[in-house]
Each structure stands twice: as structure tokens, then as C-alpha cells.
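Participant: Starting off with a structure, shown below.
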There are 2 protein chains.
Amino acid sequence: MASKASDSILVVGSMGFDTITSPSGHVDNLLGGSANYFSLPASLYAPVSVVGVVGEDYGPQHFKVLQDHGVDTEGVQVQKGETFRWAGSYVADLNEAVTLKTELNVFRNFDPKLSEAHRQASFVFLANIDPILQMRVLDQIESADFVGLDTMNYWIDSKLPDLKKVLARVDAFLVNETEALKMTGESNIVVATKKLAGMGPKIIVVKRGEYGFFMFSENRFFVLPAVPVENVVDPTGAGDSFAGGFMGHLCQAGKGINYRTLQDACIQGSIVASFCVQDFGIRALAKVNLAAVERRMVEYMQVVSLKGTP
Amino acid sequence: MASKASDSILVVGSMGFDTITSPSGHVDNLLGGSANYFSLPASLYAPVSVVGVVGEDYGPQHFKVLQDHGVDTEGVQVQKGETFRWAGSYVADLNEAVTLKTELNVFRNFDPKLSEAHRQASFVFLANIDPILQMRVLDQIESADFVGLDTMNYWIDSKLPDLKKVLARVDAFLVNETEALKMTGESNIVVATKKLAGMGPKIIVVKRGEYGFFMFSENRFFVLPAVPVENVVDPTGAGDSFAGGFMGHLCQAGKGINYRTLQDACIQGSIVASFCVQDFGIRALAKVNLAAVERRMVEYMQVVSLKGTP
């Protein structure tokens, strides 16, 4: 765990309730949202503060999930009305959700206001929300060591100029493969990552779901597959949890970020994402600890490493 | 190069002419077929003999392509009529060909007959042809050290019982990911490879196109991404060339096949496949040499390896 007060992560993202159908079953109104999926694994590595908005139906038992992990929820505004809700199905394709319903509710009027303490955060993750709000958060940050950003198709389609503006100001862009291709108009991921790097971020991390990740930084590629998982129950939040492991590891490394730290951060992201998909919603993430992460990393390194000849 | 006469590879597969359209352009009646795509890279590592059938339109200049690489083409029957022809397009999706035309021609009545010398082959690769013909070849082999097998959707749909019979008699099954899933009725590749291993082969190598490979053997997984390639021109034959590099490396290793040899074989397959896709048809494969393979392997190992901390 990082010990300096200054080495902490601030995340701004959605908090809500998800209704999910997958080949493994159906769950109603399970705790979700990018900020929850991100914070649980990130909190294994470093202190985390959340900035978000919820409605009056978001009770103490919901806050408790993050608080039990030592996550600071002081930055979560509680507003009149209902919390953000999403419903999706993976019945046709485990790799891509079909969105059945999105209710923005209190999220519609979200205006992130950072406290004095939160403005001092050294690591900032702008999870998938309106790029205008991401920018508004960034404008309130005093001087961060490292800023990561995620987005989604919806913002690429509707607010590309705003997205590009905020992208130019971040260190790392974490993005799904289909979104990386869409955003650049390319069909080749090698070309696409180079184009994205040309938009500003020194580090591009393309998330490829069951195929792992594709990192481009310092004019080098680092590419590995996902952890082989036999029992994929629900892929919701896998990308956000990857970001949590990634940013968590970097924050733990503090000022010592180099190419190797970034490689390890991608691996930590892959490991926590592999837990995420093994149960519905945040259930698996709420239970996982660093010892389990460590054990799975040893297994994973065997899968991607050459065996010493006997 | 292997020096023992017994350490050689026999491949049975298609030889023909491909008409290919991709985002990079269009080519008519280019030399192709699984046996050609396999033999060119395999011949970099070991002596290769081809068993196949062509028509009278398959001239000395076509045989010369393999012969220039030292490949023995004595086992290629020349029959009255036209050679096998295939036409496909990758305009919609570089990862999957749309077949526009298949003309079996002389391939329709192909009955592989092995010479005395060919029956002694120590390494045998049964490329994608009718599983009944694959079995007929296997029945003529005296005692091979190692047999590899490929197939395709068409045979999974039409001759699954025959395919399973031949599968039970081979050491390694090299198969596309979509075909592995289809053949097992599974949606998870971890589960699918275990099921396929249960059908007989000690080694399952799932080819994932731009996402690399997924090997299962000795109850362990070895998984790596493909070589990042910026200029993918034509993916035709990439899987066959992978098999060529894979079998070539194993033959070169001779009797010393262990898990590490299989890992290296997968990597050699990935490297030669990355050359294959960089030009139409067999053009790139006809030019590549071991020095170029070696150089690209050094680059590739950087992409998939952790960097030593400075």
C-alpha cells in the first residue's frame, strides 16, 4: 500500500444498478457503474476516492461495499431522484452487451465538484462519462502525476471534438478495441494505436476482452492475451476493473513509472479483470484479495512464458 | 536443417489457383492451396514432400516454386482436367473470407497413393482435405513420429464422424478458433480445447488469426498474441503457413519434442504466418528466409516479454 498521503487515486465515473442477463442467468438491480468496478480492485493497491452521483435509493448498504474496502466516498453527491440504471444482455454474444435499457436519472444533471483534498490527487482516472464532465474534473485538479481516461462508442459518436480535447491532456488512454478502431476509422489495430498516440496520450492501452490487451508506448508494443477463464459468467465491468488494477499498480509504484511498470500494470489489470468476469456484477471483485491476485498472476505468467527446457 | 533421411515432413493437401480480393487489391489465379502454403515455410526447417493432385494447367513454373525450395513434388499426381480453383473476398472483413467460388476439378477424384519412400516419413501433416482422404493417407504411413491435422467448417458440418476417427489417431490438431467452438458446441475456448483433447490428440493448437494462438497440452495452456502487423494485405493461407512453421520446427527438433519444443513451434508458426499476410497469396512466403524469420522473432519476443527494469 502506498503510504504517502499524496499517492492516492481519484476516480470519477458512474455508480448505479445493473440488470444483467447472460448465458449463466439473470440478476436484477445489482450494484454497478464504472466507478464501483474501478474502485474495488484499485483499492487493493492504493487509497481511492470516488467522485460520482447517486439518487436517494442508493442506501448505506451500497456505500458500504466501497467503504469496506477503505474507499473514500465523500465525493459522491446524493441527489433527489433515482440512481442511474442500466440493463443489458450477453445471451447472443458474451463479448458484447446488447443494451436493453439506460435510465440516466440523477446522472443527467451531474456536475462534479471536487473538494480541496480531492484536487490534490496524484493519480486521476476519468472513467467513461461525458467528455465535457471529464474535462471539468481535470480543470479542478491541481497537479496530478498521472491521468488515465476511458470512453465509449456513445461519446465517440456524439462528442468526438470534446473527447479529443480531453484526450490531449491525459497520460494514458484505455479503450476497447472496437472503439479504438471506430475512433480512428482504421481496421488495423497497430495503425489505430499509433494514430491515438498522435492525439496526445503517451500510453495507449487497447482492451481486447478475451484476447487481452495491446499497449503502445515509447514507440513499442506490449501485447498479451487475457487470462484463460473457463467460467465466464458476466463480462460487465471487466474493462473498468482492468483500469482499476492498472491505475492501482501505477499509484503503488508512485513516481517510479517506467515501461516495465506499465507492463506490470497491464498484467495486474488483466488479472483483476479475470476475476471480475467470474461472477455477476461486482460480486467477485468485492471478494478478491491481493493474495488471490498474486496466485493467479503466477498461473498467468506460466501461460504466457516459455518453459525452461529440462 | 535436419540431416537424417528419416527426419522429413510429408504433407497432403490442396494445390490450386486462388482469385483473391482484399482491401489492398485484387489478384487472379495466384498459386495457392494448403499444401503450397504449408510447404514453403516448412521447407525452411526440414525436407518436405508433397502429396496432392493438379490438372494439366499446373505447369512446370508452378512446380518450380516448391522445387526451388527443395520440396519433393514427386507425390503430386497430374490428372486430366483443370486444377482446383478458389475465389474469395476479404473486403467486408479481413479476418474471414467470403467464398465466392470453389471449383474442385481434379480434386474431386483425388485418391492419394504414397510411394514407398513417402510411407517412411517421420512427420506427417494432414492439411485441410476430406477426413476420409486424410485417413487413407494415415493408413499408408508405416510409423510416423508425429502426425498433425487441420480441418475446416465444411468437414465439421458434413463428415464429423469421419473427422473424429482420424482425429483420434493424430498427435496434434491445429484448428481455427471458430471451428474449434463449432466442433465442440462450446462458446468458451478453454472448455473447447479440453474437449478436443479428449477426442485423442495430445496437443491442441487453436489458431486465432490476429489474436494469435491458444495451445493446450500436458494439461497446460500456452497462449500468445499474433505478431503485430501493420500492413495486412491478404490473410489467405496464414493458418496453413502457421502449420508449416510449427511442423517444420518440430521436425528440426527430431525426437526431442517436449513442451518447450511445442511452445517454440507455435512461435515459429506465428512468425511465418505474419509474413504470409503481408502480400497476396504465397508471394511473401516464397521470398522469406530463415534470417528474416530470426529477425522478426527477436522483435516479437520483445512484444510479448517483460522488459528488464533498468
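The values are calculated or read from the model by the stated rules, or taken from the named source; none is laboratory data. Fair warning: this is a prediction, and the values are worked out from it, not measured in the lab. Heads up, the Cβs are rebuilt from the backbone with ideal geometry, glycines too, and the neighbour counts pull from every protein chain shown.
Participant: Which of the residues spanning segment A:272-292 are away from every other protein chain (no Cβ under 14 Å), among the aliphatic types (A, V, I, L, M) and crowded, with 20+ Cβ neighbours inside 10 Å?
Facilitator: A:272, A:273, A:282, A:284, A:285, A:288, listed by residue number.
Participant: Which of the residues spanning segment A:209-243 are within 12 Å of residue A:269 (Cα to Cα), more than 15 Å from the chain's Cα centre (by Cα) and of a type in the set (Gly, Ala, Ser)?
Facilitator: Selection gives A:226 alone.
Participant: Which count do you get for residues in segment B:253-295 that are under 14 Å from the mean Cα position of the chain (by Cα) and without any contact (Cβ under 8 Å) to a residue 24 or more places away in the chain?
Facilitator: 1
Participant: Surrounded by 24 or more Cβ atoms within 10 Å (Cβ to Cβ), part of a loop (DSSP other than H, G, I, E, B) and either in contact (Cβ under 8 Å) with a residue 24 or more places away in the chain or hydroxyl-bearing (Ser, Thr, Tyr) (or both): which single residue out of B:45, B:37, B:58 fits that description?
Facilitator: That would be B:45, the only listed residue that is surrounded by 24 or more Cβ atoms within 10 Å (Cβ to Cβ), part of a loop (DSSP other than H, G, I, E, B) and either in contact (Cβ under 8 Å) with a residue 24 or more places away in the chain or hydroxyl-bearing (Ser, Thr, Tyr) (or both).
Participant: Looking at the structure I just gave you, is residue B:87 touching a Lys or Arg at 6+ places or on another chain (Cβ under 7 Å), among the hydrophobic types (A, V, I, L, M, F, W, C) and farther than 15 Å from residue B:50 by Cβ?
Facilitator: Considered against the rule, which asks whether it is touching a Lys or Arg at 6+ places or on another chain (Cβ under 7 Å), among the hydrophobic types (A, V, I, L, M, F, W, C) and farther than 15 Å from residue B:50 by Cβ, residue B:87 comes out as yes.
Participant: A further question on this structure: Kindly provide the set of residues from segment A:118-151 that are part of a loop (DSSP other than H, G, I, E, B) and either without any contact (Cβ under 8 Å) to a residue 12 or more places away in the chain or under 21 Å from residue A:246 (Cα atoms) (or both), ordered by number.
Facilitator: Of everything in segment A:118-151, those that are part of a loop (DSSP other than H, G, I, E, B) and either without any contact (Cβ under 8 Å) to a residue 12 or more places away in the chain or under 21 Å from residue A:246 (Cα atoms) (or both) turn out to be A:121, A:122, A:127, A:128, A:129, A:141, A:143, A:144, A:145, A:150, A:151.
Participant: Identify, from the list B:10, B:44, B:66, the residue that is closer than 30 Å to residue B:256 by Cα, of a type in the set (A, V, I, L, M, F, W, C) and touching a His at 6+ places or on another chain (Cβ under 6 Å).
Facilitator: Exactly one residue qualifies, and that residue is B:10.
Rundown of residues vs (1) within 7 Å of chain A (Cβ to nearest Cβ); (2) under 27 Å from residue A:22 (Cβ atoms); (3) outside any helix (DSSP H, G or I), yes/no style:
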{"residue": "B:179", "(1), (2), (3)": "no, yes, no"}
{"residue": "B:183", "(1), (2), (3)": "no, yes, no"}
{"residue": "B:192", "(1), (2), (3)": "no, yes, no"}
{"residue": "B:215", "(1), (2), (3)": "no, no, yes"}
{"residue": "B:222", "(1), (2), (3)": "yes, no, yes"}
{"residue": "B:230", "(1), (2), (3)": "yes, no, yes"}
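Participant: Please find, among B:51, B:27, the residue that is of a type outside the set (S, T, N, Q), closer than 22 Å to residue B:136 by Cβ and either part of a strand (DSSP E or B) or in contact with a Cys (Cβ under 8 Å, 6 or more places away or on another chain) (or both).
Facilitator: After applying the criteria, what remains is B:51.
Participant: Just the residues that are modelled with pLDDT under 95, over 17 Å from residue B:128 (Cα atoms) and polar (S, T, N, Q), please, taken from segment B:50-106.
Facilitator: B:95
Participant: What number goes with the only condition from (1) touching a residue at least 40 places away in the same chain (Cβ under 8 Å); (2) on the phi > 0 side of the Ramachandran plot that residue A:219 does not pass?
Facilitator: Here residue A:219 clears every test but (1).
Participant: Considering each residue of segment A:250-271, count those that are assigned to a helix (DSSP H, G or I) and either within 13 Å of chain B (Cβ to nearest Cβ) or under 25 Å from residue B:298 (Cα atoms) (or both), and give that number.
Facilitator: Selection size over segment A:250-271: 12.
Participant: Can you work out which of the residues in segment B:194-213 that are part of a loop (DSSP other than H, G, I, E, B) and facing chain A (nearest Cβ under 9 Å) is surrounded by the fewest Cβ atoms within 10 Å (Cβ to Cβ)?
Facilitator: B:208
Participant: Is it the case that some residue within segment A:256-268 is more than 29 Å from residue A:145 (Cα to Cα) and modelled with pLDDT of 95 or more?
Facilitator: Checked segment A:256-268: no residue is more than 29 Å from residue A:145 (Cα to Cα) and modelled with pLDDT of 95 or more.
Participant: Could you tell me whether segment A:276-293 includes any residue that is assigned to a helix (DSSP H, G or I), farther than 18 Å from residue A:30 by Cβ and in contact with a Gly (Cβ under 9 Å, 6 or more places away or on another chain)?
Facilitator: Within segment A:276-293 (the criterion being assigned to a helix (DSSP H, G or I), farther than 18 Å from residue A:30 by Cβ and in contact with a Gly (Cβ under 9 Å, 6 or more places away or on another chain)), the answer is yes, since at least one residue qualifies.
Participant: Oh, and also: Filter segment B:268-310 down to the residues that are out of contact with any strand residue (DSSP E or B) (no Cβ under 7 Å at 6 or more places or on another chain) and of a type in the set (Val, Ile, Thr), then identify the one that is farthest from residue B:174 (Cα to Cα).
Facilitator: So the residue we want is B:309.
Participant: Based on what the data block shows, is residue B:254 of a type outside the set (S, T, N, Q), touching a Ser or Thr at 6+ places or on another chain (Cβ under 9 Å) and surrounded by 21 or more Cβ atoms within 10 Å (Cβ to Cβ)?
Facilitator: Spelling it out, it is not the case that residue B:254 is of a type outside the set (S, T, N, Q), touching a Ser or Thr at 6+ places or on another chain (Cβ under 9 Å) and surrounded by 21 or more Cβ atoms within 10 Å (Cβ to Cβ).
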